[in-house]
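A short worksheet on the structure shown next.
The values are calculated or read from the model by the stated rules, or taken from the named source; none is laboratory data. These numbers come from a predicted model, not from an experiment. Note that each Cβ is placed from the backbone with ideal geometry, even for glycine, and that neighbours are counted across all protein chains shown. Side chains are part of the model used for accessible areas, which takes the heavy atoms of the whole protein and leaves out ligands, DNA and RNA. Shrake-Rupley method; radii C 1.70, N 1.55, O 1.52, S 1.80 Å.
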Amino acid sequence: ISHTSITYSFFLGLILISAFFVYKNTKGNHKKNVPYVILGFIFALWFTGLTNLKTNNSLLAIFFSGAIAICAMILPGISGAFILVLLDKYELLITALKNLLLDKLAVFTLGAIVGILLFSNLLDYLLRKYKSATMSFLTGLMIGSLRLPYEKIISSQHDILTTIIAVAIGIILVFFLEKKFSR
């Protein structure tokens, strides 16, 4: 039995309620933050609709793939593995892991280290200087990224009741965790 629909429904619930809590914690005028939510939403919707980009497999391309993929890991709703698939590097890196191609793995790791250091500093700066706008943009990213689980749910054609239950479990789980740890 394939559990694709149930799994993605659960993730949809997790992301949906998490976006609500992220936005709820933004400070300032919520009307002023709406354009940032819309911008994040449009960007995520566009980004998740991309298909594979053909790039070469040079060490420089692998380095930048590592830098970009790791940035996605700290952004809500965007998967580093999805980025690698988009950049056409996922299979290459799986093969590099399987065959212990240390040059490719080392360059990818170095790219990931450089990427996380640069991007985390940028994100830290944005959160210190423009917290409401940044959090609003991230909320939009989260909502826009729901395109991926939605498409997986629709394509798996699982029964609607199980789908709704899985979404509800995801929502309830985050709701209770938020209430418990926000004190």
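Things worth noting here:
- The range 32-183: radius of gyration over Cα atoms, expressed as a fraction of 2.2 N^0.38 Å: 1.21
- Modelled spin labels at Ser182 and Ile38, positioned 7 Å past Cα toward Cβ, are 2.7 nm from each other.
- Residue (of Val107, Thr4, Tyr150) at the positive-pole extreme of the chain, dipole from beta-carbon charges: Tyr150
- Given +1 at the Cβ of Lys and Arg, -1 at the Cβ of Asp and Glu and no other charges, the dipole of the chain around its Cα centre is 760 debye to the nearest 20.
- A straight line joining the Cα centroids of the range 137-183 and the range 1-74 runs 13 Å.
- Where Cα atoms sit under 23 Å apart: lysine pairs in the chain separated by 8 or more or lying on different chains: 20
- The residues of the range 109-171 have, on average, 58 Å² of accessible surface per residue, using a 1.4 Å probe with all protein chains present.
- For Thr55, distant residues with modelled amide H under 5 Å away: none
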